[in-house]
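Here's the structure we're looking at; comments come further down.
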């Protein structure tokens with residue numbers, strides 16, 4: 001949908017440009033006036049479509065943010081919390097992992113220890129350089145070594 005809207009905007013702007021260029025060659029005031037109305041109409045339509053595209057982009061960003069927030073949630077019971085174990089990552093930071101993954105050489109996913117201890121499970125996101133990860137909930141950046 002966004003691609004179609006962007007294409008429609010480009011086509012409307014191109015058409016307005018073509019009308020203006022053709023009107024530039026005319027000496028007839030009535031032709032110029034009609035061309036200006038046409039250009040104005042096409043530009044208004046393009047602006048409306050651009051505003052619609054902007055709204056779609058905002059909606060998509062909200063949807064993406066909502067998906068990211070779904071990786072963060074509060075524990076509903078102590079039993080649920082006991083399914084995880086605290087361990088030291090290869091980078092030296094303490095993280096929580098699922099108990100059944102703890103014996104694995106590369107347990108994944110890893111959860112922020114600070115958030116976990118206050119009742120929130122937030123999956124650490126690798127930042128790339130130096131094995132640092134970032135917590136989407138509290139913003140901590142532990143060195144996980146992954």
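With each label point set 7 Å from Cα along the Cα-Cβ vector, what nm distance links residue 146 and residue 73? Between residue 146 and residue 73, the simple spin-label model gives 1.9 nm. Extension gain for residue 28 to residue 103 (0.36 nm times residue separation, less C-alpha to C-alpha distance): 18.6 nm. Relative contact order, whole percent, for the chain stands at 17, derived from Cα pairs under 8 Å and 6 or more residues apart. Between residue 52 and residue 21, the FRET efficiency estimated from the beta carbon spacing at R0 = 22 angstrom works out to 0.25. Estimated from helices alone, the mean residue ellipticity of the chain at 222 nm is -17000 deg cm²/dmol (sum of -39500 (n - 2.57) over DSSP H runs with n ≥ 4, per residue).
Across the range 2-69, Cα-Cα pairs farther apart than 20 Å form 44% of the total. The equivalent ellipsoid that matches the C-alpha gyration tensor of the range 30-126 spans semi-axes of 55, 14, 9 angstrom, in descending order. Calculated translational diffusion coefficient of the range 72-134 (20 °C, 1.002 mPa s; Stokes-Einstein with Kirkwood radius over alpha-carbon pairs) equals 179 µm²/s.
Quick note: the coordinates plus some simple rules give every number you see, no bench work behind them. Source: prediction; values computed, not measured. In this analysis, Cβ positions are derived from the backbone assuming ideal geometry, glycine residues included, and neighbour counts consider all displayed protein chains.
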